[in-house]
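Colleague: A single structure is presented below for examination.
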Amino acid sequence: MTPPAVNPKTPVTAPDSGLAPVNSHMHDKILIVDFGSQVTQLIARRVREEKVYSEIVPFQKAEEAFRTMKPKAVILSGGPASVLDDNAPLAPKAIFESGVPVLGICYGEQAMAHQLGGKVEAGHHREFGRANIEITDDCALFEGVWEKGGQYQVWMSHGDRVTQLPEGFRGVAKAAGSPISIIADDKRKFYAMQFHPEVYHTPDGAKLIRNFVRNIAGMTGDWTMRAFKDEAIEKIRKQVGKGRVICGLSGGVDSAVAAVLLHEAIGEQLTCVLVDHGLMRLGEAQKVVTMFRDSYNIPLVLVDASETFIGALEGVDDPEKKRKIIGGLFIDVFDAEAKKIGGADFLAQGTLYPDVIESVSFTGGPSVTIKSHHNVGGLPARMKMKLVEPLRELFKDEVRALGRELGLPESFVGRHPFPGPGLAIRCPGGITREKLDILRLADEIYIEEIRRTGQYDDIWQAFAVLLPVKTVGVMGDGRTYEFVVGLRAVTSVDGMTADFYAFDMKFLGHVATRIINEVKGVNRVVYDVTSKPPGTIEWE
């Protein structure tokens with residue numbers, strides 16, 4: 001079962017897409033079987049918080065992954081299905097027969113109980129949101145965290161519940177809607193809970209996962225960003241060999257980190273291409289060129305393709321169509337630049353794990369596809385290049401940590417995310433050059449004021465949006481009919497969840513006044529105070 005949106009407040013690390021680094025066999029590993037929960041990635045982030053290597057694998061591929069990965073422990077995720085359904089997703093029997101510790105979460109508890117001979121029933125009292133559980137017996141899972149007889153807050157999200165324990169298990173906690181909230185088989189080291197420990201609204205959840213990882217599974221924690229860097233370099237060299245690589249720079253942190261990592265791995269075999277598509281922030285292209293040419297000895301080609309991109313996008317209002325147009329044109333530009341340097345064998349890009357999560361349904365149904373990223377899904381058959389995506393396993397906070405490990409300046413590593421489609425998706429409705437110019441200047445004023453007041457580093461992402469509406473207003477002695485600018489600022493860790501940033505009203509008033517006074521074509525400014533669940537934090 002999947003809980004509502006949550007926002008982890010402390011920096012943690014991230015799960016993998018199932019693509020293990022070359023030397024991952026050298027580390028302690030945990031396999032996470034995904035049953036379709038939208039917050040499965042938060043389980044892996046909690047595991048990575050303990051410096052333990054983890055991979056998320058859809059349940060259909062779990063048996064093969066378990067056999068090849070040889071993990072030291074397994075975690076079964078939540079999910080929206082019912083074990084009582086025909087063809088319900090289940091864990092491979094091999095996992096329970098292997099002797100490794102297993103932790104079940106929500107649907108994972110129900111699957112464990114059902115498969116090992118217990119009973120799961122539907123139609124009882126449902127629990128969604130905060131709940132209190134009472135600890136009824138001691139257990140290694142919450143040793144040093146919870147005490148027998150105590151009551152503690154957790155986050156529930158279920159309709160079905162376990163009503164009869166499998167042989168060898170005992171119940172160690174109860175709640176109003178689930179009399180058997182935590183089950184334990186200490187001999188086999190099988191533990192499961194009806195609630196979600198991975199989310200922020202279970203305050204002690206990270207400690208429970210730590211107990212499972214460290215004390216029950218006995219893992220020491222030997223996976224670090226330095227280890228990832230070294231293994232990624234080895235993996236790149238193995239994949240690329242003596243081939244030539246073009247790396248598409250977008251102006252953001254992800255592609256820049258990917259480029260520096262690639263350069264460290266293959267040196268002169270790399271050529272970076274920055275496409276100025278006319279959808280970048282004010283002066284963005286020149287800032288990137290200056291940083292790379294002044295600080296790194298990496299060949300960089302700047303391509304001015306703004307006329308081509310904007311011309312193709314004019315009048316297009318569907319955001320998915322915009323993404324596909326932009327993605328197709330990027331491919332055309334990279335293909336042309338590859339031919340100019342005598343051909344390239346690989347195209348590298350800064351795809352991250354959130355891009356994959358949002359674009360691909362692991363389970364073919366339970367994990368819904370949120371949107372199609374222009375940089376996810378492979379290259380068209382007409383291209384002779386293969387993809388290199390060295391950051392595909394990481395979340396944004398890990399990419400920043402990798403950038404620091406690679407020596408990128410903090411002023412660049414700490415920049416707010418700016419997606420490849422750029423202003424195209426921050427200009428809802430049809431695009432025109434006039435609207436882009438208005439948006440670019442409004443956005444520049446907004447970011448400038450955030451920096452001036454020292455709030456930039458407290459915010460994960462901030463941007464302006466030109467809304468597809470006009471309003472009547474009065475400016476001076478005349479009536480106007482002009483655009484509305486929306487402002488968005490959020491706090492986040494991984495780019496999968498977000499809460500709005502609570503600006504002081506005086507600040508917002510000052511920014512709004514500047515935008516209305518300085519940007520011709522705008523007569524109203526609004527601020528977005530919505531939060532976002534797992535998925536996109538963009539406003540489009």
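Colleague: Can you give the charge dipole size of segment 182-339 about its Cα centre, rounded to the nearest 20 debye, using +1 on the beta carbon of Lys and Arg and -1 on the beta carbon of Asp and Glu?
Modeller: So the magnitude is around 800 debye.
Colleague: Sticking with this one: Using a probe radius of 1.4 Å on heavy atoms only, what accessible surface per residue do you get for segment 53-172? Whole Å² is fine.
Modeller: That works out to 44 Å² for each residue.
Colleague: Considering only protein heavy atoms, what is the solvent-accessible area of residue 188 at a probe of 1.4 Å, reported in Å² to the nearest 10?
Modeller: 90
Colleague: Counting DSSP beta bridges with both partners in the chain, what percentage is antiparallel, nearest 5?
Modeller: Numbers: 37 of 76 bridges.
So the antiparallel bridges amount to about 50 percent of the total.
Colleague: Could you calculate the FRET efficiency of residue 134 with residue 453 from 1/(1 + (r/R0)^6), where r is the beta carbon distance between them and R0 is 41 Å, rounded to 0.05?
Modeller: Using R0 = 41 Å, I get an efficiency of 0.30.
Colleague: How much accessible surface area, in Å² rounded to 10, belongs to the heavy atoms of residue 531 with a 1.4 Å probe?
Modeller: About 60 Å², ignoring ligands and nucleic acids.
Colleague: Please list 458, 443, 332 from largest to smallest accessible area, probe radius 1.4 Å, with all protein chains kept in place.
Modeller: 458, 332, 443
Colleague: Would you work out what percent of the accessible area of the chain, with all protein chains in place, is carbon or sulfur (probe 1.4 Å)?
Modeller: 50
Colleague: Starting from 0.36 nm per residue, how many nanometres of slack lie between residue 386 and residue 510 once their C-alpha separation is accounted for?
Modeller: Separation in residues times 0.36 nm, less the Cα-Cα distance, equals 39.7 nm.
Colleague: Now for a different question. What aspartates and glutamates sit close enough to residue 520 to cross-link, taking a C-alpha to C-alpha distance under 17 Å and skipping anything fewer than 8 places away on the same chain?
Modeller: 434, 437, 443, 444, 477, 482
Colleague: Let me ask something else. First measure r as the distance between the Cβ atoms of residue 530 and residue 471, then evaluate 1/(1 + (r/R0)^6) with R0 = 30 Å and state the FRET efficiency to the nearest 0.05.
Modeller: 0.90
Colleague: Could I ask something else about it? So, with +1 on the Cβ of K and R and -1 on the Cβ of D and E, and no other charges, what is the size of the charge dipole of the chain about its Cα centre, to the nearest 20 debye?
Modeller: 440
Colleague: Which of the residue pairs 189/396; 242/287; 287/506; 321/506; 287/340; 321/386 have a Cα-Cα distance greater than 28 Å in the structure shown?
Modeller: 189/396; 242/287; 287/506; 321/506
Colleague: Then there is this: Using a Cα-Cα cut-off of under 17 Å, which lysines could be cross-linked to residue 324, ignoring same-chain neighbours fewer than 8 residues away?
Modeller: 371
Colleague: Please name whichever of 465, 349, 436 sits farthest to the positive end of the charge dipole of the chain, dipole taken about the Cα centre and charges placed at Cβ: Lys and Arg +1, Asp and Glu -1.
Modeller: Going by the Cα projections, it comes out as 349.
Colleague: Distance between Cα centroids, segment 43-104 to segment 258-283: provide it in whole Å.
Modeller: If you average the Cα positions of each part, the centres end up 37 Å apart.
Colleague: Also: Hydropathy at least 0.5 by Kyte-Doolittle, axial extent at least 15 angstrom from the Cα trace: which helices of the chain, defined as entire DSSP H runs, fit?
Modeller: 253-266
Colleague: Also: On a 1.4 Å probe surface of the protein chains, which of 460, 223 comes out largest in accessible area, and what is the full order?
Modeller: Largest to smallest exposure gives the sequence 460, 223.
Colleague: Okay, next question. Rounded to the nearest 0.05, what FRET efficiency do residue 320 and residue 432 give with R0 = 22 Å and r taken as the Cβ-Cβ distance? Could you check?
Modeller: 0.65
The values are calculated or read from the model by the stated rules, or taken from the named source; none is laboratory data. Note that this is a predicted model, so its numbers are computed, not measured. Backbone-built Cβ (ideal geometry, glycine too); neighbour counts: all protein chains shown. These accessible areas exclude ligands, DNA and RNA; they are computed on the full protein's heavy atoms, side chains included. Shrake-Rupley method; radii C 1.70, N 1.55, O 1.52, S 1.80 Å.
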